[in-house]
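Structure, as structure tokens:
What follows is calculated from the coordinates using simple rules that are stated; it is not laboratory data. Predicted, not measured: the structure shown is a model, and the values here were computed from it. Positions of Cβ are generated from backbone atoms using ideal geometry, with glycine treated the same way; all protein chains shown enter the neighbour counts.
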Amino acid sequence: MNACESALIPIREKFEVFGISYAVDGLLGRGAFGCVSHIKRITPSGKIQELAAKEQKTKKGVRELDRLLPFQQHPHIIRLYGFGPVEGNFVIVMERARHGDLHKYVGCFPKGLPKPVARAFYDQVLNAVHYLHQGRVAHCDIKPKNILVMGAGHVRLTDFGQAALMDGEDLCRNTGTPPTNRRRTSGRRRSTVCVKTSGELRLPTST
């Protein structure tokens, strides 16, 4: 991963995508290839809508969008609200997680997540991953920071920047978030299909 790539993405005060104006209300985080901002827009009814925007280089943004769009009907995959070019880069507008990512959310529980909540989160993530695999897409970067807590007991999978098609792409490439990326292989047809995971999804739970 090129750690300098996201550093080249500017922090904007506002931007426009296909005639819709958004005001930037702060930076939510930077990844290896792009940055995510908290944004707001005024709806036609006059309400303020709070969203998130991921800006990255155009080639990577279009590739991520291509992996994400076919799965918008699933309840545990992030919802998109818009996308398009912005000053030479590509922006994906999506819903904003009320409670942030799972990595931060777990930190709010000194004794760990209640076991029923942890089980529900596991089930929802596995359900989303199974749905992706049915559509022949591998996420390739499952980790708490890529799981958003939308509300009490409800999570959604996000960040499809490393996602790969399970047909026609080399899934044995080294991907995920270093240094904890792992390789899992399984025999399939005449060749071996490799699926990467970023470490292991372990949630501390209360007794």
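One table, with the values for the structure above:
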read-out: Under 22 Å from the Cα of residue 143 - lysines, other chains or at least 8 residues apart; value: 54, 60, 104, 111, 115, 196
read-out: Sites matching chymotrypsin sites (Phe, Trp or Tyr not before Pro) across segment 1-94 that sit in DSSP coil, with at most 11 neighbouring C-beta atoms within 10 Å; value: 18
read-out: Unit charges on C-beta of K, R, D, E only; dipole of segment 1-138, Debye; value: 320
